[in-house]
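Participant: Take this structure, written in structure tokens, and hold onto it; I'll ask about it next.
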Amino acid sequence: MQILNVNLKSEQNKNYPIFIGKAIFSNIGELILKNSKAKKFLIVTDKNVYSLYGKLLTDALNGLKFEFLIFESGEKTKNIQNISKIWDKAVEIKLERKDAIIAFGGGVIGDLAGFAASSYLRGVEFIQIPTTLLAQVDSSVGGKTGIDLEQGKNLVGAFYQPSMVITDLDTLKTLPEKELKTGLAEVLKYAFIEKSCEVNTYKDFLSILKTEKDFQNIVEYSCALKASVVSKDEKESGLRAILNLGHTIGHAIEKCTHYEIFTHGEAIAMGLKAVFFISKDSKLINEIYFNEALDLLKIYELDYKIPKNILIDDIIKSLSNDKKVLNGKVRFVLPTGRAQVEIFENIDEKIVEKAIRELY
Ligand SMILES: NC(=O)c1ccc[n+]([C@@H]2O[C@H](COP(=O)([O-])OP(=O)(O)OC[C@H]3O[C@@H](n4cnc5c(N)ncnc54)[C@H](O)[C@@H]3O)[C@@H](O)[C@H]2O)c1
């Protein structure tokens, strides 16, 4: 098992460990006892995760006081009614200020439980046990929590850091292929931004990913890169924006297809491909790096196409409605060199349109 520390500069005493390993479920009780002062735990999970791992977690927590609260799986669970259900359950089991809420599942459960933890009794301890690749490399690290409204995704939430993250890589064995790919799109993103993450040691993640098959290294290094970024810019006032590489166009594709046609990972993979076209056509990167990046997307079978019945005009329209629009200008994180990115606001609309056309 490896231990990574997230050292937040902006909040004192808010450093936390990420434990990553295989078959660490049996140690979870011990890890929690050692690292938490809580006496009682409310475990928020979804039906899939509970049916696969509920018994294993129950056995691992033998001796601790805990209760499960189980939701339907899927994005629709991230709503205000379910926040209210978590608060009600917390009151019912008399969860106190020093107790903890545990998120046991993918990003949906992490965002939901995290937001409930941030608000119940003005904030109780929050522990993440992520079980999807996306949650392990992305959503469990960095403290963004929240829910969706009818009007849009992630519109209400809080920055609220966990006290620890416990990642058992064996949970990936039961993850459906399309969910694995959603996480892999984020992993590739880290390779494309590695140098800009300001880590002390540059590993050349891009080259590593061409042959790496072991999730231990992939998850560990992805978390290290995200931890480096969020430790320097917890609340996205600067550096953290680089984590949005591929997300501006990706979100536009997701939004204009009402989140129904593509998974998040598929949309992000297309968004990544598009920014490489924008960068090449804006002469920010050379042909060699452009081809290397597109080849990596192909190696991981993340080279998707948009069906013709989805209109390019609709994608462009939702691009200008994105949260990342600042003063009316669409902000793009763009590759500017191998594993390096920068933020731009004045990209020629024709270049953007051409890049989106390349996705058809
Ligand atoms: N907070 C952040 O920083 C952040 C970052 C990225 C994404 N997100 C959010 O994360 C959410 C997406 O997360 P996700 O992709 O993990 O989706 P998810 O939580 O819906 O999980 C995907 C599916 O996999 C199932 N599942 C979970 N673990 C499993 C396992 N080990 N084996 C088999 N099935 C399993 C779930 O039941 C679900 O059906 C979105 O709501 C997104 O907004 C948050």
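FYI, it's all coordinate maths here, none of it is from the lab. Only a predicted model underlies this, so the values are computations on that prediction, with no experimental measurement involved. Cβ atoms come from the backbone with ideal geometry, glycine included; neighbour counts cover every protein chain shown.
Participant: Of everything in the stretch 126-135, what is more than 6 Å from the ligand (Cβ to nearest atom) and closer than 22 Å to TYR259 by Cα? Give them in sequence order.
Facilitator: LEU133
Participant: Considering only helices (runs of 4 or more DSSP H) fully contained in the stretch 1-105, which possess at least 2 residues that are among the hydroxyl-bearing types (Ser, Thr, Tyr)?
Facilitator: Because the criterion is at least 2 residues that are among the hydroxyl-bearing types (Ser, Thr, Tyr), the helices (runs of 4 or more DSSP H) in the stretch 1-105 that meet it are 47-60.
Participant: Cβ contacts < 6 Å: first residue in contact (Cβ under 8 Å) with a residue 24 or more places away in the chain and among the charged types (D, E, K, R), restricted to the stretch 49-75; second residue part of a strand (DSSP E or B) and surrounded by 13 or more Cβ atoms within 10 Å (Cβ to Cβ), any location; separation 6+ or different chain. Result?
Facilitator: From the stretch 49-75, the pairs are LYS65/LYS40; GLU67/LEU42.
Participant: Looking only at the stretch 233-249, filter to residues that are within 14 Å of the chain's Cα centre (by Cα) and farther than 13 Å from SER196 by Cα; which one of those is surrounded by the fewest Cβ atoms within 10 Å (Cβ to Cβ)?
Facilitator: HIS247
Participant: Quick test of your reading of the structure: ALA252 fulfils all but one of (1) closer than 22 Å to LEU209 by Cα; (2) in contact with a helix residue (DSSP H, G or I) (Cβ under 6 Å, 6 or more places away or on another chain); (3) not β-branched (Val, Ile, Thr). Name the failing condition by number.
Facilitator: (1)
Participant: So which of THR171, THR201, THR182 is of a type in the set (Ser, Thr, Tyr), more than 20 Å from ILE299 (Cβ to Cβ) and part of a helix (DSSP H, G or I)?
Facilitator: Only one candidate qualifies: THR171.
Participant: Continuing with the same structure: Restricting to the stretch 90-112, what's the tally of residues that are more than 19 Å from SER36 (Cβ to Cβ), more than 11 Å from the ligand (Cβ to nearest atom) and in contact (Cβ under 8 Å) with a residue 40 or more places away in the chain?
Facilitator: 0
Participant: In the stretch 199-251, what count of residues is obtained for those that are in contact (Cβ under 8 Å) with a residue 40 or more places away in the chain and touching a Ser or Thr at 6+ places or on another chain (Cβ under 6 Å)?
Facilitator: Of the residues in that region, 2 qualify.
Participant: On to the next question. Could you list, in sequence order, all residues of the stretch 162-186 that are near the ligand (Cβ under 10 Å from one of its atoms), surrounded by 22 or more Cβ atoms within 10 Å (Cβ to Cβ) and under 17 Å from MET1 (Cα atoms)?
Facilitator: Selection gives ASP168, THR171.
Participant: Among the residues of the stretch 187-210, which ones are away from the ligand (no atom under 16 Å from the Cβ), under 14 Å from GLU292 (Cα atoms) and surrounded by 16 or more Cβ atoms within 10 Å (Cβ to Cβ)?
Facilitator: Selection gives ALA191, PHE192, PHE205, LEU206, LEU209.
Participant: Next question. It is to be established whether one or more residues within the stretch 125-148 are surrounded by fewer than 20 Cβ atoms within 10 Å (Cβ to Cβ) and not in a strand (DSSP E or B).
Facilitator: No: zero hits.
Participant: Which one is nearest to the ligand (Cβ to nearest atom) among residues in the stretch 54-67 that are in contact with a Leu (Cβ under 8 Å, 6 or more places away or on another chain) and hydrophobic (A, V, I, L, M, F, W, C)?
Facilitator: PHE66
Participant: For the stretch 118-159, which residues satisfy the criterion of being within 20 Å of ARG240 (Cβ to Cβ) and β-branched (Val, Ile, Thr)?
Facilitator: Within the stretch 118-159, VAL137, VAL141, THR145, VAL156 meet the criteria.
Participant: Continuing with this model, one more query. When the stretch 136-159 is examined, which residues are found to be within 8 Å of the ligand (Cβ to nearest atom) and among the charged types (D, E, K, R)?
Facilitator: Matches in the stretch 136-159: ASP138, LYS144, ASP148, LYS153.
Participant: Under 7 Å between Cβ atoms, which residue pairs at least 6 apart in sequence (or on different chains) link something in the stretch 126-145 that is closer than 25 Å to PHE66 by Cα and of a type outside the set (Phe, Trp, Tyr) with a partner that is near the ligand (Cβ under 6 Å from one of its atoms) and assigned to a strand (DSSP E or B)?
Facilitator: THR131/GLY105
Participant: So TYR259 clears everything in (1) assigned to a helix (DSSP H, G or I); (2) within 16 Å of the ligand (Cβ to nearest atom) except one condition, right? Which one?
Facilitator: (1) is the only condition that TYR259 fails.
Participant: Find all pairs meeting these conditions: Cβ atoms under 6 angstrom apart; at least six residues apart or on different chains; first residue within the stretch 337-360 and more than 19 Å from LEU188 (Cβ to Cβ); second residue in a strand (DSSP E or B).
Facilitator: ILE343/VAL333; PHE344/PHE332; PHE344/LEU334; GLU345/LYS329; ILE347/PHE332
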